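For reference, the structure discussed in these notes is given below.
The values are calculated or read from the model by the stated rules, or taken from the named source; none is laboratory data. These numbers come from a predicted model, not from an experiment. Quick reminder, even Gly has a Cβ in these numbers, built from the backbone with ideal geometry, and neighbours come from all protein chains shown.
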Amino acid sequence: MAFSKEKRREKIRRRIRKNLAGNASRPRLSVYRSNKEIYAQLVNDVDGVTLAAASSRDKEITSKGTKIEVAQEVGKLIAERAKNAGVELVTFDRGGYLYHGRVKSLADGAREGGLKF
């Protein structure tokens, strides 16, 4: 029997997380995508600490365009907050989602904001 969409994503997510982890000098940029919103956070897995977070629900997100445009704004916001936390290099964790659409748009926005990964 085939995996459901959610089980398939979890399987891919575990496979990705097996090979990457964030630390203080290069935290993990983790992405979560729901049907309506998108969330991003910088995680130091060694200490178990979230260094910065941004989402499409934040007040700073003024764009009310398509979900892809909003995701790009979230990417820029997380890059700005990362700079404030003193982070420039990150490891990108797509969370089992395809690197396509909103996830790609968030990554492009973060790169525009100055993050390197």
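Residues are listed down the side, and each one gets a yes or a no for (1) modelled with pLDDT under 95; (2) of a type in the set (Asp, Glu); (3) more than 17 Å from Leu98 (Cα to Cα):
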{"site": "Ser30", "(1), (2), (3)": "no, no, no"}
{"site": "Gln41", "(1), (2), (3)": "no, no, yes"}
{"site": "Ser55", "(1), (2), (3)": "no, no, yes"}
{"site": "Glu60", "(1), (2), (3)": "yes, yes, yes"}
{"site": "Gly65", "(1), (2), (3)": "yes, no, yes"}
{"site": "Ala71", "(1), (2), (3)": "no, no, no"}
{"site": "Lys76", "(1), (2), (3)": "no, no, yes"}
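On the basis of being touching a Ser or Thr at 6+ places or on another chain (Cβ under 9 Å) and charged (D, E, K, R), does Lys64 make the cut? Here the answer is no, as Lys64 does not meet what is asked.
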